[in-house]
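Below is one structure; the comments refer to it alone.
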Amino acid sequence: MATKMSNNNQLTIDITFQHPDASADPTRLEKLVRSICSEFKLTCASISIAIVDDERTVKVHSQFLNKQNITDVISFDLSDENDVSKSFELVVNADEAKRQSQTRGHSMEAELALYITHGMLHNLGFDDVDENQAEKMHQTEDRILQQAGFGIIYNKQID
């Protein structure tokens, strides 16, 4: 289990690898989260990201959302509505990232970056419940990921 924790003024980011096979540079993922926060003018926040396996993801999904299936990312906004500081928690599924990255032909790190970006955008007010909202969200994800050096991940053409 590896942890990367960084505190920069009012922005605290804690990335914990609870999956032994999660292949990603924690510093690069932290930089991604910081760029998302910067873009959306989020200057005061505590962001906790746990990179876990299928089993843990299903437990969290069941406990908090009453769903029994595997998913890629679960995001929680634990912020107090009266406080300017935000508190976000993300549970990211490394097993799903490994499967999808192999199927889609990019790195596991890029897939994890997609899931982190997706979860952050949910906490920042994006949604993907209908086709138009989903398209806007996925375009934003790919723009952010491309700017961060991961390339286009969601809308990547599969050969």
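What follows is calculated from the coordinates using simple rules that are stated; it is not laboratory data. No experiment lies behind these values; they were computed from the predicted model shown. Because the Cβ atoms are built from the backbone with ideal geometry, glycine has one as well, and the counts that use them run over all protein chains shown.
What value in Å³ per residue do you get for the convex hull of the alpha-carbon atoms in segment 68-158?
Details: hull volume 10.9 nm³, N = 91.
Once divided by residue count, the hull of segment 68-158 is 119 Å³.
Segment 2-147: percent of C-alpha pairs farther apart than 28 Å? Can you show the working numbers first?
Working: 1352 of 10585 pairs.
In whole percent, the share of Cα-Cα pairs in segment 2-147 beyond 28 Å is 13.
A 22 angstrom limit on the alpha carbon distance is what I want to check against. Which of K59/K156; K59/K86; K41/K156; K98/K156 exceed it? Intermediate values should be presented prior to the final figure.
On the way: K59/K156 30 Å; K59/K86 25 Å; K41/K156 28 Å; K98/K156 16 Å.
Flagged as over cut-off: K59/K156; K59/K86; K41/K156.
Restricting to DSSP H runs of at least four residues, report the calculated mean residue ellipticity at 222 nm for the chain, -39500 (n - 2.57) per run over all residues, nearest 500 deg cm²/dmol.
Values: 5 runs with 70 residues, N = 159.
Taken over the chain, the calculation gives -14000 deg cm²/dmol.
Which percent, nearest 5, of DSSP beta bridges in segment 2-147 are antiparallel?
Details: 12 of 27 bridges.
If we restrict to bridges inside segment 2-147, about 45 percent are antiparallel.
Take peptides 135-148, 78-91, 102-115, 58-71 and line them up by average Cβ neighbours within 10 Å, highest first, as a rough protection proxy. Mind showing how you got there, number by number?
Values: 135-148: 16.9, 78-91: 14.3, 102-115: 20.1, 58-71: 12.7.
Order by mean packing, descending: 102-115, 135-148, 78-91, 58-71.
Taking amide hydrogens as modeled 1.01 Å from N in the peptide plane, which residues meet the under 5 Å criterion relative to A45, leaving out close sequence neighbours?
Result for A45 returns L11, T12, K86.
What FRET efficiency do you get for S38 and L65 if R0 is 25 Å and r is their Cβ-Cβ distance, rounded to the nearest 0.05?
Working: r = 29 Å, r/R0 = 1.17.
It comes out at approximately 0.30.
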